[in-house]
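A short write-up of the structure that comes next.
The values are calculated or read from the model by the stated rules, or taken from the named source; none is laboratory data. The model shown is predicted, which means the values in this text are computed figures rather than measured ones. Methodologically, a virtual Cβ is constructed for each residue, glycine included, from the backbone with ideal geometry; neighbour enumeration extends over all protein chains shown. All accessible areas refer to the heavy atoms of the entire protein, side chains included, with ligands and DNA or RNA removed. Shrake-Rupley method; radii C 1.70, N 1.55, O 1.52, S 1.80 Å.
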2 protein chains.
Amino acid sequence: MSADRFTATYLIETAHPLEHAAQVMAGEQSAGTFMRVHGETDELRQSHMARVESIERLGRVDEPSLPGSRPPKQGEPIYQRAKVILSFPYINVGTNLPVLMSTVSGNLFELSQFSGLKLLDFTFPDAYRDAYLGPQFGIEGTRRLADVYDRPLIGTIIKPSVGLSPQQTGELVSLLAEAGLDFVKDDELMGDSPHSPFAERVKHVMDVVNRHADKTGKKVMVAFNISGDMDHLLHAHDLVYEAGGTCVMINMIQVGLSATIRLRQHAQLPIHGHRNGWGMFSRHDALGMSYLAFQKFFRMAGVDHLHVNGLRNKFCEPDASVIEAAQACLTPLWPEKSFTVMPVFSSGQWAGQAPDTYAALHSTDLMYLAGGGILAHPDGPAAGVRSLRQAWQAALEGAPLNEFAEKHSELKQALEKYGAL
Amino acid sequence: MSADRFTATYLIETAHPLEHAAQVMAGEQSAGTFMRVHGETDELRQSHMARVESIERLGRVDEPSLPGSRPPKQGEPIYQRAKVILSFPYINVGTNLPVLMSTVSGNLFELSQFSGLKLLDFTFPDAYRDAYLGPQFGIEGTRRLADVYDRPLIGTIIKPSVGLSPQQTGELVSLLAEAGLDFVKDDELMGDSPHSPFAERVKHVMDVVNRHADKTGKKVMVAFNISGDMDHLLHAHDLVYEAGGTCVMINMIQVGLSATIRLRQHAQLPIHGHRNGWGMFSRHDALGMSYLAFQKFFRMAGVDHLHVNGLRNKFCEPDASVIEAAQACLTPLWPEKSFTVMPVFSSGQWAGQAPDTYAALHSTDLMYLAGGGILAHPDGPAAGVRSLRQAWQAALEGAPLNEFAEKHSELKQALEKYGAL
């Protein structure tokens, strides 16, 4: 593959011959047209056509997975799945992240030749390495701001999702800071609302965080949800920064790529990427986009942390998918510019998942967010936080949790309470 | 329903009791939390909880439509579909379009109680009517700029998708202007690339368009694809405006809501909304979002034209869905501020679909885009354009195409060529 091409990998399902179906994809997403018209020369096609690099047959399915596809007119249709790799010339797109996304996905999902089509992965042209800023803080910068090393950042989510006043939010954060949390985030539903105006929330929360830092030397990282229109994103970021805050959060899918790129250019704080809405892209195994693909767009745009769900979560995602997503976040895009980000584990997390999470990742470069797993600890939130740190210490030392719990009472209590659930 | 609440309508599929499943949705997307924690009082729940307004049972399905759901632990699971309406308090969100999108969709798609969940529709709180600008030009403004009344704007797409140089693009647009087209658009894959730098493309194309306007009095509306990062969006818009252009285009899903809102604040031209990527949201009947819901977000953000596919298109979408989408674009959001936009019909269109399109819509407030249906006309592009205008004239007069074609040779030729396909 020459350096001036980039690739995209797909799962396809089709009743058409695989080679033909792959050529339809290549045509639709590059120099193709319904018929030869003015200006379309062989030379142009040679320079600009996407190429089918490989087709790997995966086997038949009994029925089409998605409605609306049109099988060939001749014979009884047989639906096959395959893994297809296409390559595209860099000059078709240039350094334009939204148009790159259109090129590797775009209209493909609607093509009538396919009863299933999912973008599994893609590569960036090398020019993107220098054209985009990528994560500003990433793993190291986040650790530096949070002053946490050699273990995951232990965090929690402000709950209830909505309804707390700025003052109540401040009181809750005070309790969480006292409990020893490294990280606290707004709910994705909490933005800038009449009952919790953003500026007031920042003021109340940062008063608490700054006082706590003055007293203890530890500044809790709070990810304020700045999601909103472009002006709000920048203004809200500045409010957090000026109040001494150390993180902002965006709902990536709802805010979108172009605004995220702009925010990154402006930002002086890590950007925490919340992926709500992701289920639309991922719930069907033959439609949408893998997280391996999705996370690359937003790393390139410049987020520093990316949600990946958690092991044994309350949502639909299987554990293997969670680990694959986290590994993707930790995999460099280029040797000299890794653009790696901190994966954020959450949903139903408590001390119990720490060993399996570490065994799968061999890394502590992550955020580990628990709600009930901290706040509902029998001995209170501080004991909840300690139980998580103990569980990660056990994981790092390779000690079984039960054994480690014999000398660590908070972990023992957690195992008794949550392990029985 | 009080004015301080807004609603969202869903198709759900679940093996859980419907009332319970709907309550899970309401809790997840408002004041709910995994367990009662500090600050969560009955009063707070009363003020902030989403409410289940109605549940309409739709019947059983044999198997779960999506993987990953968890049925109740007791008994053999029975999967039912239902239509559920939730209402949310305005104060949970305020006027924040991205967070509103998170609220009515967001994490819902991943909830393990559901083997299917699709957002069918939602309403805006009245405060959005005044907080957001909505379409600046809409139908009337677009007609004024294009100087086309009482019939659809007849348009085409610059093809091949990529590969033409700025000069070649200009030559093609010259041919299209001579042919009498009202509207021409960039392909969604064409942005700002090394082989067609945006500024050069605008220069070459607008030279042609302006010369043609000077000569004939008719300025062809060209939708230049300005998709890119935020700065590029604004800068590229300005280039088009300064060159005398009358339209810009964005890839809505890839650019995103927040940047679209910002572009609208800045724009002096209509924004043409291309929906590529939409298949991810729509291909599965029990996952994602209907276009009825989707188009509201981007109308509110401020686009003026919205792609809706076309009757008997080359993609997967059934005709009924196309018409529903177009009707949605033409349906006012409020009596005093309609925020209506021009639906854009495309994909496999030629003269033949005009009567059915008009019969379904009872309106000519639309763009009607054809590629081969114009360029491959036996008598050339000008005859292709005339055949489309004749077909719409026939539709408006209620005359069958075959009959009308007796006195309109270009339509007759079109029927012979494309009708036989």
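Residues that are of a type in the set (G, A, S) and free of Cβ contacts under 8 Å to residues at least 40 places away in the same chain do not occur anywhere in region A:302-319.
Residue by residue, here is whether (1) closer than 19 Å to A:S112 by Cα; (2) in contact with a His (Cβ under 8 Å, 6 or more places away or on another chain) holds:
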residue: B:M249; (1), (2): no, yes
residue: B:V255; (1), (2): no, no
residue: B:H266; (1), (2): no, yes
residue: B:P270; (1), (2): no, yes
residue: B:G273; (1), (2): no, yes
residue: B:F281; (1), (2): yes, no
residue: B:L287; (1), (2): yes, yes
residue: B:L292; (1), (2): no, no
residue: B:Q295; (1), (2): no, no
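Filter region A:320-341 down to the residues that are of a type outside the set (S, T, N, Q) and open to solvent by less than 60 Å² (accessible area, probe 1.4 Å) and list them by number.
Applying the first criterion (of a type outside the set (S, T, N, Q)) to region A:320-341 yields A:320, A:322-326, A:328-330, A:332-337, A:339, A:341.
Within region A:320-341, A:V322, A:I323, A:A325, A:A326, A:A328, A:C329, A:L330, A:L333, A:W334, A:F339, A:V341 meet the criteria.
Across region B:130-175, what is the total count of residues that are farther than 30 Å from A:S47 by Cβ and among the hydrophobic types (A, V, I, L, M, F, W, C)?
We begin by selecting, within region B:130-175, every residue farther than 30 Å from A:S47 by Cβ; these are B:130-154.
Next cut, among the hydrophobic types (A, V, I, L, M, F, W, C) only: B:131, B:133, B:137, B:139, B:145-146, B:148, B:153-154.
Of the residues in region B:130-175, 9 are farther than 30 Å from A:S47 by Cβ and among the hydrophobic types (A, V, I, L, M, F, W, C).
If you go through region A:219-276 and keep only what is among the basic types (K, R), in contact with a strand residue (DSSP E or B) (Cβ under 8 Å, 6 or more places away or on another chain) and over 16 Å from A:G141 (Cα atoms), you end up with just A:R275.
Does any residue of region B:308-325 turn out to be under 18 Å from B:T142 (Cα atoms), of a type outside the set (F, W, Y) and more than 7 Å from chain A (Cβ to nearest Cβ)? Within region B:308-325, one or more residues are under 18 Å from B:T142 (Cα atoms), of a type outside the set (F, W, Y) and more than 7 Å from chain A (Cβ to nearest Cβ). Taken over region A:100-111, residues that are within 17 Å of A:G32 (Cα to Cα) and open to solvent by 10 Å² or more (accessible area, probe 1.4 Å) amount to 2.
Out of curiosity, is A:F198 away from every other protein chain (no Cβ under 13 Å) and either on the phi < 0 side of the Ramachandran plot or under 25 Å from the mean Cα position of the chain (by Cα) (or both)? No, not satisfied. Every listed requirement among (1) within 10 Å of chain A (Cβ to nearest Cβ); (2) small (G, A, S); (3) surrounded by 24 or more Cβ atoms within 10 Å (Cβ to Cβ) is met by B:G273 save one, (1).
Residue-wise test of (1) assigned to a helix (DSSP H, G or I); (2) under 25 Å from A:V308 (Cα atoms); (3) touching a Cys at 6+ places or on another chain (Cβ under 9 Å).
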residue: A:A360; (1), (2), (3): yes, yes, no
residue: A:S363; (1), (2), (3): no, yes, no
residue: A:D379; (1), (2), (3): no, no, no
residue: A:A383; (1), (2), (3): yes, no, no
residue: A:R386; (1), (2), (3): yes, yes, no
residue: A:E403; (1), (2), (3): yes, no, no
residue: A:K417; (1), (2), (3): yes, no, no
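Residues of region B:381-397 that are over 28 Å from the mean Cα position of the chain (by Cα) and open to solvent by 20 Å² or more (accessible area, probe 1.4 Å): B:A382, B:E397.
Quick one: is B:V222 of a type outside the set (F, W, Y) and more than 24 Å from A:R5 (Cα to Cα)?
Working: of a type outside the set (F, W, Y): yes; more than 24 Å from A:R5 (Cα to Cα): yes.
It is true that B:V222 is of a type outside the set (F, W, Y) and more than 24 Å from A:R5 (Cα to Cα).
Only a single item in (1) modelled with pLDDT under 95; (2) at the interface with chain A (Cβ under 7 Å from one of its Cβ atoms) is not met by B:S112, and it is number (1).
Would region B:37-52 turn up any residue that is farther than 19 Å from B:T123 by Cβ, in a loop (DSSP other than H, G, I, E, B) and open to solvent by 60 Å² or more (accessible area, probe 1.4 Å)? I'd like the intermediate steps shown before the answer.
Within region B:37-52, the first condition is being farther than 19 Å from B:T123 by Cβ, and the residues that meet it are B:37-47.
Then drop every residue that is not in a loop (DSSP other than H, G, I, E, B), which leaves B:37-41.
If we keep only those that are open to solvent by 60 Å² or more (accessible area, probe 1.4 Å) too, we end up with B:38, B:41.
Within region B:37-52, one or more residues are farther than 19 Å from B:T123 by Cβ, in a loop (DSSP other than H, G, I, E, B) and open to solvent by 60 Å² or more (accessible area, probe 1.4 Å).
Could you tell me which residue of region A:367-377 is farthest from the other protein chains (Cβ to nearest Cβ), considering only residues that are touching a residue at least 60 places away in the same chain (Cβ under 8 Å) and not in a loop (DSSP other than H, G, I, E, B)?
Of region A:367-377, the ones touching a residue at least 60 places away in the same chain (Cβ under 8 Å) are A:367-371, A:374-375.
Retained after the next criterion (residues that are not in a loop (DSSP other than H, G, I, E, B)): A:367-369, A:374-375.
On the way: A:M367: 18, A:Y368: 16, A:L369: 12, A:I374: 10, A:L375: 5 Å.
The qualifying residue farthest from the other protein chains (Cβ to nearest Cβ) is A:M367.
Of the helices (runs of 4 or more DSSP H) that lie entirely inside region B:172-270, those containing 3 or more residues that are open to solvent by 30 Å² or more (accessible area, probe 1.4 Å) and farther than 25 Å from A:L263 by Cα span B:198-216.
Residue count for region A:148-169 under the criterion of being more than 24 Å from A:S387 (Cα to Cα) and surrounded by fewer than 23 Cβ atoms within 10 Å (Cβ to Cβ): the result is 4. For region A:228-249, a tally of residues being at the interface with chain B (Cβ under 8 Å from one of its Cβ atoms) and of a type outside the set (D, E) returns 4. Go through region B:121-142 and give me each residue that's more than 14 Å from chain A (Cβ to nearest Cβ) and touching a residue at least 60 places away in the same chain (Cβ under 8 Å). Matches in region B:121-142: B:D121, B:T123, B:F124, B:R129, B:P135, B:Q136, B:F137, B:G138, B:I139, B:G141, B:T142. The number of residues in region A:1-34 being crowded, with 21+ Cβ neighbours inside 10 Å, at pLDDT below 95 and more than 13 Å from every other protein chain (Cβ to nearest Cβ) comes to 0.
Tallying residues that are under 20 Å from A:G106 (Cβ atoms) and small (G, A, S) within region A:272-320 yields 7. Just one residue in the set A:D186, A:D192 is touching a Lys or Arg at 6+ places or on another chain (Cβ under 9 Å), more than 16 Å from A:V220 (Cβ to Cβ) and in the same structural domain as A:H377 (by TED's automatic domain parsing); that residue is A:D192.
Looking at region A:69-88, which of the residues that are in a strand (DSSP E or B) and of a type outside the set (F, W, Y) is surrounded by the fewest Cβ atoms within 10 Å (Cβ to Cβ)?
Only one residue tops the list, namely A:K83.
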